[in-house]
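Inspection log for the structure reproduced underneath, given as structure tokens.
The values are calculated or read from the model by the stated rules, or taken from the named source; none is laboratory data. Note that the structure is a prediction, hence the values are computed from the model and not measured. Note: ideal-geometry Cβ built from the backbone for every residue, glycine included; neighbour counts use all protein chains shown.
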Amino acid sequence: MDPLGPSSPALPYTDTKPQGASDFYFALNTTFRFIGKTLGADALVTYWQDLGTNYMKPVWTRWKALGLEGIATYWRAFFDAEPGADVEVMRSPEQVVLEVKTCPAISRLRKGGRTIWPEFCQHCYYVSNAAAEQAGFTVRVEGGNGSCRQTFLRAEAAPAAQNLEAIRSC
């Protein structure tokens, strides 16, 4: 069986739980805060980009092989496994749009009474864009702080660079 073919699982990793453990978001938020406060904003961006390039290699390898359909399939499966997510994944011939109505991370952090790292939502851009770039795509993010719109498209079709001010702080 071709590991990148459509008959393989949508997520390139195995998890026996039907849904993820949302308390993981507490660790993410704390990690972002620690790196941001200790090493600075540039180090945090580098960390996020390294996650997209290195940790997400199994993901972007599929995106590279399967194109927009691979991106759409991945995000559908990803959000199906995220407790509390309300996300619509729409695919057209030119792009994949994630309409995040309820972000599972922000929702869980709020329910847990956590102070959310102000730039928390920027990680979605930096991680996803670093992964997408490896596959010939890019992403643009608008909104944040609990709901956003993420648009994946071929790099050559991308509009101007991401405006970080379009990503709301938490």
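Figures for the structure shown
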| item | result |
| --- | --- |
| Subset of the stretch 126-145 [within 9 Å of the chain's Cα centre (by Cα) and within 20 Å of Thr30 (Cβ to Cβ)] | Tyr126, Val127 |
| Whichever residue in the stretch 74-114 is β-branched (Val, Ile, Thr) and within 28 Å of Thr30 (Cβ to Cβ) and, among such residues, is surrounded by the fewest Cβ atoms within 10 Å (Cβ to Cβ) | Thr102 |
| Counted residues, the stretch 13-53 - those being modelled with pLDDT of 65 or more, part of a loop (DSSP other than H, G, I, E, B) and over 24 Å from Asp86 (Cβ atoms) | 2 |
| Single residue of the stretch 57-73 satisfying the filter (under 23 Å from Leu28 (Cβ atoms) and touching a strand residue (DSSP E or B) at 6+ places or on another chain (Cβ under 9 Å)) that is surrounded by the most Cβ atoms within 10 Å (Cβ to Cβ) | Ile71 |
| Hits in the stretch 152-169 (condition: closer than 24 Å to Leu109 by Cα, in contact with a strand residue (DSSP E or B) (Cβ under 8 Å, 6 or more places away or on another chain) and surrounded by fewer than 21 Cβ atoms within 10 Å (Cβ to Cβ)) | Ala166, Arg168, Ser169 |
| Considering residues of the stretch 42-54 that are touching a residue at least 12 places away in the same chain (Cβ under 8 Å) and among the aliphatic types (A, V, I, L, M) only, the residue nearest to Ala132 (Cα to Cα) | Leu51 |
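Table: residues versus (1) modelled with pLDDT under 95; (2) over 14 Å from Ser169 (Cα atoms); (3) of a type outside the set (S, T, N, Q).
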{"position": "Trp75", "(1), (2), (3)": "no, yes, yes"}
{"position": "Arg91", "(1), (2), (3)": "no, yes, yes"}
{"position": "Lys101", "(1), (2), (3)": "no, yes, yes"}
{"position": "Gly112", "(1), (2), (3)": "yes, yes, yes"}
{"position": "Cys121", "(1), (2), (3)": "no, no, yes"}
{"position": "Tyr126", "(1), (2), (3)": "no, yes, yes"}
{"position": "Phe137", "(1), (2), (3)": "no, yes, yes"}
{"position": "Arg140", "(1), (2), (3)": "no, yes, yes"}
{"position": "Cys148", "(1), (2), (3)": "no, no, yes"}
